[in-house]
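Bear in mind these aren't lab numbers, they're just calculated from the coordinates by the rules spelled out. Predicted model, so just to flag it, every value in this text is computed and none were measured. Because the Cβ atoms are built from the backbone with ideal geometry, glycine has one as well, and the counts that use them run over all protein chains shown.
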Amino acid sequence: MQNLALCCRRCNERRYNFTVGIDPETQKEEPLFNPRTQRWSEHFIWSQDGVKIIGVTPTGRATCNRLDLNDERLGSQFIQQSRRLWVSVGWHPPEDDPIL
Ligand SMILES: [Zn+2]
């Protein structure tokens, strides 16, 4: 039970059993963000429009990349469209999250 963390199905499927990802800035393998031991706000910020998650550390960037947190890989960008809607009705981004 010590390895459990709440997450959505999509992220869980993309994380699979990976513990590392590639930081696109350095092309190096970096540990993925661990929500049980690390603080989200130290590794990620929201874009100014609240639509994209931006990794600000090697771990943040590797996690964005591995989990495709902005839904850029398949072209539908469903996640960005959803976030845009949430922003328009004031549900997003979360109040305590850092924004670019
Ligand atoms: Zn998710």
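Could you work out the local net charge near Cys7, counting Lys and Arg as +1, Asp and Glu as -1, over the other residues with Cβ closer than 12 Å to its Cβ?
On the way: positive: Arg9, Arg10, Arg14, Arg15, Arg36; negative: Glu13.
Once positives and negatives cancel, what remains is +4.
Taking 25 Å as R0, compute the FRET efficiency from the Cβ-Cβ separation of Arg84 and Asn34 and round it to 0.05. If you can, show how the numbers build up before the last one.
On the way: r = 28 Å, r/R0 = 1.14.
Taking R0 as 25 Å, the efficiency between Arg84 and Asn34 is 0.30.
In the stretch 16-100, which chymotrypsin sites (Phe, Trp or Tyr not before Pro) are in a loop and have at most 10 other Cβ atoms within 10 Å, using DSSP for the loop call? Intermediate values should be presented prior to the final figure.
Working: sites: Tyr16, Phe18, Phe33, Trp40, Phe44, Trp46, Phe78, Trp86, Trp91; in loops: Tyr16, Phe18, Phe33, Trp91.
Listed in order of number, the matching sites are Tyr16.
Helix 78-88 versus the longest principal axis of the chain: what angle, 0 to 90°, nearest 10, using Cα atoms?
40
For a quick check of your reading of the filter: which GluC sites (Glu not before Pro) in the stretch 16-100 sit in a DSSP loop and have no more than 11 other Cβ atoms within 10 Å?
Details: sites: Glu25, Glu29, Glu42, Glu72, Glu95; in loops: Glu25, Glu72, Glu95.
For GluC sites (Glu not before Pro) across the stretch 16-100 that sit outside H, G, I, E and B with at most 11 neighbouring Cβ atoms in 10 Å, the list reads Glu95.
Please determine, in degrees from 0 to 90 and to the nearest 10, the orientation of helix 58-67 with respect to the longest principal axis defined by the Cα atoms of the chain, where the helix direction is its Cα long axis.
Taking the Cα atoms of the chain, the angle to 58-67 is about 80 degrees.
Quick one: if you stick a label point 7 Å off each Cα along the C-beta vector at Leu74 and Glu95, how many nm between them?
According to this spin-label approximation, the distance is 3.4 nm.
Return the inverse of the average 1/r over all pairs of distinct C-alpha atoms in the chain, which is the Kirkwood hydrodynamic radius, in Å to one decimal. Please list the in-between numbers first.
Details: mean 1/r = 0.0710 Å⁻¹.
So the Kirkwood estimate lands at 14.1 Å.
Tell me, what is the percent relative contact order of the chain, built from C-alpha pairs under 8 Å that lie six or more residues apart? Write out the running numbers ahead of the final one.
Details: 138 pairs, mean separation 26.1, N = 100.
It rounds to 26 percent for the chain.
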